[in-house]
1. With respect to VAL81, determine if the residue is out of contact with any Leu (no Cβ under 6 Å at 6 or more places or on another chain), on the phi < 0 side of the Ramachandran plot and not assigned by TED's automatic domain parsing to the domain that holds LEU262.
2. Could you identify the single residue in LEU130, LEU165, LEU144 that is out of contact with any helix residue (DSSP H, G or I) (no Cβ under 8 Å at 6 or more places or on another chain) and either under 20 Å from ILE189 (Cα atoms) or surrounded by fewer than 13 Cβ atoms within 10 Å (Cβ to Cβ) (or both)?
3. Collect the residues in the stretch 168-188 that are over 22 Å from ALA336 (Cα atoms) and in contact with a helix residue (DSSP H, G or I) (Cβ under 6 Å, 6 or more places away or on another chain), keeping them in residue-number order.
4. Just to be sure I understand, how many residues within the stretch 96-125 are surrounded by 13 or more Cβ atoms within 10 Å (Cβ to Cβ) and farther than 30 Å from SER196 by Cβ?
5. From the list SER171, SER156, which one is of a type in the set (S, T, N, Q) and under 30 Å from ALA331 (Cα atoms)?
6. Would you be able to tell me the number of residues in the stretch 116-132 that are touching a residue at least 40 places away in the same chain (Cβ under 8 Å) and not in a loop (DSSP other than H, G, I, E, B)?
7. Going residue by residue through the stretch 206-227, is there one that turns out to be farther than 26 Å from GLY265 by Cβ, modelled with pLDDT of 85 or more and not assigned by TED's automatic domain parsing to the domain that holds HIS338?
8. Could we say that TRP98 is aromatic (Phe, Trp, Tyr) and touching a helix residue (DSSP H, G or I) at 6+ places or on another chain (Cβ under 9 Å) here?
Amino acid sequence: MSRTRQRSNCALWIIALLTLVSLCFGGCGLKVRADQAIQVVGNTYEVQFSKSITFRLQVETQNAIKEVTLYYRRVGESLTVKVPVSVTPNQNVFTYTWEFEPGEVPVGSRVEYYWHIVDEAGNELKTFPLTLDHEDNRFTWKTLKEDHVILFWYGSGESEARRLLGYATKSLARLQDQMGVTLDKPVRIYVYQSKSDMSLALPRKSEAYDERILTLGVVIDKATLLILGPHPDVEHTIAHELAHVVVELATDNPYAELPRWLDEGLAMYAEGELPAKNKTALENAIRRDQLISVRSLSGYTGDPAQIDLFYGEVYNLVEYLLRTYGKEKMAQLLAAIHQGLYQEEALQRVYGLGLDDLDTQWRESLGLQPRGMPTPSVPVPRTVERRCIPCPSVLFGGLLGAAAVARWRRRCARAS
């Protein structure tokens with residue numbers, strides 16, 4: 001083929017390509033020109049940590065604005081909030097303030113939002129979604145990362161931060177080695193230096209595991225936990241709360257909540273040795289045969305006096321399952337719950353036990369009878385009734401009395 005023909009074919013291809021591009025951009029251009037009736041001049045936000053987020057939109061239009069709607073949601077959640085914003089004549093700046101309680105929007109949350117604007121001529125514009133971070137900007141945070149843990153800290157030195165990161169990675173290793181629970185998503189740990197610093201980030205109406213755990217550490221999101229760094233019990237706190245995060249991620253089930261005995265039991269087991277006060281409460285309940293049933297352990301006890309016993313029991317129950325059936329079965333149980341099974345169904349599938357069956361086996365391992373069985377008592381000697389022959393004198397006296405009665409009746413009969 002000659003160079004002239006090659007150039008001719010090339011020119012034809014270029015013309016065809018330019019025509020196609022012109023058609024495509026021509027159609028888009030019409031849409032752009034229509035949208036240019038509404039132009040966004042400013043699209044900003046202002047975050048007041050744990051208090052509010054203010055969204056601000058400024059537009060320029062050829063026609064008066066008819067409707068303005070804000071849409072926002074937390075990243076990772078399916079719920080999108082729709083907020084119609086009031087419009088006044090000739091208005092071109094629109095704001096909306098989302099106010100919330102401390103802890104309602106967890107530290108580190110990401111919020112996605114966009115605007116939808118309609119003018120009087122029917123022109124519409126939907127802005128591109130923007131994402132903002134709800135960070136605790138009161139402090140200058142530094143970060144460390146190892147395996148699946150991201151540690152945020154401020155104030156203290158890096159050596160202290162690395163020590164806490166070591167506690168977290170060691171806890172993850174224990175969860176995997178002894179309980180068969182693994183973490184496949186990153187978890188964020190925010191380390192606060194004082195209770196007052198952490199108070200603004202804590203949910204005021206959250207369900208606390210107990211007063212100690214709420215003070216020292218708390219899970220505020222599926223993959224976020226807050227820790228009070230300077231406390232001497234920080235190692236156990238990290239292990240406990242990290243276990244909650246890992247188990248939550250491993251068993252995420254939209255149909256049913258994770259039973260409390262399993263959730264708290266694994267968290268207590270992750271700490272290591274059972275604390276003395278929980279051990280004492282457990283031993284006393286075993287001695288008196290006053291254990292809370294496994295079925296009742298599925299939720300939190302409503303009696304504050306049973307808090308220590310509750311945590312002692314769930315620790316012992318999880319320890320029994322791991323010791324008797326192994327970590328592989330525990331991993332299978334969590335996987336079954338993750339698949340959407342309720343705890344009774346999951347226990348039947350993995351262990352072949354219902355809640356009451358598990359309660360009976362666990363009690364027997366502690367030397368107790370199945371629930372509802374009567375407690376053995378000391379036998380009482382049986383009284384034997386003896387039938388004796390009457391004494392002769394008694395018998396003779398009775399005969400004389402009977403004869404006297406007979407004579408008296410005959411006299412009465414003659415007199416009548």
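The values are calculated or read from the model by the stated rules, or taken from the named source; none is laboratory data. The structure displayed is predicted, hence computed values, not measured ones. As a convention, Cβ positions derive from the backbone with ideal geometry for all residues, glycine included, and neighbour counts pool all protein chains shown.
1. yes
2. Exactly one residue qualifies, and that residue is LEU165.
3. ALA168, SER171, VAL187 - these are the residues of the stretch 168-188 that are over 22 Å from ALA336 (Cα atoms) and in contact with a helix residue (DSSP H, G or I) (Cβ under 6 Å, 6 or more places away or on another chain).
4. 13
5. Details: SER156 fails: under 30 Å from ALA331 (Cα atoms).
Answer to the check: SER171.
6. 9
7. No, the stretch 206-227 has no match at all.
8. Values: aromatic (Phe, Trp, Tyr): yes; touching a helix residue (DSSP H, G or I) at 6+ places or on another chain (Cβ under 9 Å): no.
For TRP98, the condition - aromatic (Phe, Trp, Tyr) and touching a helix residue (DSSP H, G or I) at 6+ places or on another chain (Cβ under 9 Å) - is not met.
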